[in-house]
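J.: The structure's right below; bear with me while I get my questions together.
The values are calculated or read from the model by the stated rules, or taken from the named source; none is laboratory data. Since the structure is predicted, the reported quantities are computational estimates derived from the model, not experimental observations. Methodologically, a virtual Cβ is constructed for each residue, glycine included, from the backbone with ideal geometry; neighbour enumeration extends over all protein chains shown. Side chains included, ligands, DNA and RNA excluded: accessible areas come from the protein's heavy atoms. Shrake-Rupley method; radii C 1.70, N 1.55, O 1.52, S 1.80 Å.
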Amino acid sequence: MATELSLTRLTGSEASARLLVVGPSLGTSVALLWRDCAMVLPGEFEVIGWDLPGHGSGSPAAAPFTVEDLAGELTTCVEALAGNRPVVYAGVSFGGAVGFELATRAESPFEAVVCIGAAPRIGEPAMWRERAALVRRAGTPVMVEGSAQRWFAPGFVERAPRVAGALLRALADADNESYALACEALGRFEAGEATTPVRVLVGEHDVVVSPETADVVLAGCGHLPPAEDPAGVAAVLVRVLEEMRCRTTTA
């Protein structure tokens, strides 16, 4: 990749017993999306997030990239950070697409993958090409109104204006070309067969990914559950990861 991934420690330290790597949705800052959820996870976890190019703390993309590129770069970064600790991954939407790709890799450092608001293919290529063209023409602020409707369950913007407002401002601040390139990357991606255990979590009000595809449906959530219900998602995540770990060790 021409652009290195930007990593942010959200909680814990290198001394924590387990490493949880979390990924962002398109248009979001990983810190804003995951920070509150990370804070209520058990202390055994060091939580590290990564940002898309041109989003949050990420440097703008210097060239086109693919979901596979990001998964490869993330794997390299995590191998250097993990030590001998168990490593698990959880990503939302675009971050979930990266999770599906990570799960296909036989030499992956991740013992389990959780994909939130994601599917092996999200949307259709033509839709992503159209969105990329729109953002190149009008900028990421043009996405704010529609994203407010897609991202959150009904009433969330009114109930939690601080959380929703911060996420939507991060979208408006995202680099136009990087966002467009991320759209094109999603349009080209379809996951292969997983070799690492995967679970899919989807909010009951998600209009991007059908809850019918999920292993776990997250009540009261839309497309960004870690921001909408941090404590609830943390509890589900711990339970799902433990179930996956137990199945792996007894297989």
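J.: Grab the alpha carbons of segment 133-237, take their convex hull, and tell me the volume per residue in Å³. Before the final figure, lay out the partial values.
T.: Values: hull volume 12.5 nm³, N = 105.
Each residue corresponds to 119 Å³ of Cα convex hull volume.
J.: Still on this structure: Count the DSSP beta bridges whose two residues both fall in the chain, then state the antiparallel fraction as a percent rounded to the nearest 5.
T.: Numbers: 5 of 27 bridges.
Antiparallel bridges make up about 20 percent of those DSSP assigns within the chain.
J.: Along segment 130-142, what does the Karplus equation 6.51 cos²θ - 1.76 cosθ + 1.60 (θ = phi - 60°) give for ³J(HN,Hα), rounded to whole Hz, x for Gly and Pro?
T.: Coupling constants for segment 130-142: 5, 5, 4, 5, 4, 5, 4, 7, 10, x, 5, x, 5 Hz.
J.: Counting only protein heavy atoms and using a 1.4 Å probe, what share of the accessible area of the chain belongs to carbon plus sulfur, as a whole percent? Mind showing how you got there, number by number?
T.: Working: 5260 of 10290 Å².
Its accessible area is 51 percent carbon and sulfur atoms.
J.: Just grab the label-to-label distance for Ala160 and Thr76, each label 7 Å out from Cα along the Cβ direction, in nm (one decimal).
T.: The answer from the label model is 3.5 nm.
J.: If you count only protein heavy atoms with a 1.4 Å probe, what accessible area per residue comes out for segment 98-246, rounded to a whole Å²? List each step's numbers first, then the result.
T.: Working: 6460 Å² over 149 residues.
Per residue, segment 98-246 has an accessible area of 43 Å².
J.: For Glu193, project a label point 7 Å along Cα to C-beta. Then give me every residue of segment 99-119 with its amide nitrogen under 16 Å of that point.
T.: 101, 103-107
J.: Please list log₁₀ I(q)/I(0) at q = 0.19, 0.22 Å⁻¹ for segment 11-85, using the Debye equation with identical point scatterers on the alpha-carbon positions.
T.: After summing over all Cα pairs, the log10 values are -0.85, -1.06.
J.: For segment 6-249, with only Lys/Arg (+1) and Asp/Glu (-1) charged at the beta-carbon, what is the dipole magnitude about the Cα centre, in debye rounded to 20?
T.: Numbers: 19 positive and 30 negative charges, 63 e Å.
About 300 debye.
J.: Which of these values of Kirkwood radius over Cα pairs in Å was calculated from the structure shown: (1) 22.8; (2) 18.2; (3) 17.8?
T.: Label (3) holds the value from this structure.
J.: What percent do you get for the relative contact order of the chain when only Cα pairs under 8 Å and 6+ apart count? Working shown, then result.
T.: On the way: 558 pairs, mean separation 59.7, N = 251.
Once divided by the residue count of the chain, the mean separation gives 24 percent.
J.: Follow-up. Using 0.36 nm per residue of separation minus the Cα-Cα distance, give me the extension gain between Val142 and Glu243 in nm, one decimal. Don't jump to the answer; show the numbers that get you there.
T.: On the way: separation 101, 0.36 × 101 = 36.36 nm, distance 4.13 nm.
Computed gain between Val142 and Glu243 is 32.2 nm.
J.: How far is helix 161-173 tilted off the main Cα axis of the chain, in degrees rounded to 10, range 0 to 90?
T.: Between the helix axis and the principal axis of the chain, the angle is about 70 degrees.
J.: Report the Cα centroid-to-centroid distance between segment 16-60 and segment 124-140 in angstrom, as an integer.
T.: The distance from the Cα centre of segment 16-60 to that of segment 124-140 comes to 26 Å.
J.: Which of Ala138, Thr213, Gly54 sits farthest toward the positive end of the charge dipole of segment 6-249, with +1 on the Cβ of Lys and Arg and -1 on the Cβ of Asp and Glu?
T.: Ala138
J.: Another question about this same structure. Just need the Rg to Rh number for segment 11-141, please, alpha carbons only, Kirkwood Rh.
T.: Details: Rg = 15.2 Å, Rh = 15.5 Å.
Radius of gyration over Kirkwood radius for segment 11-141 works out to 0.98.
J.: Moving on. Expressed in nm², what is the orientationally averaged projection area of the convex hull enclosing the Cα positions of segment 142-187?
T.: Numbers: hull surface 13.9 nm².
Dividing the Cα hull surface by four gives the mean projection, 3.5 nm².
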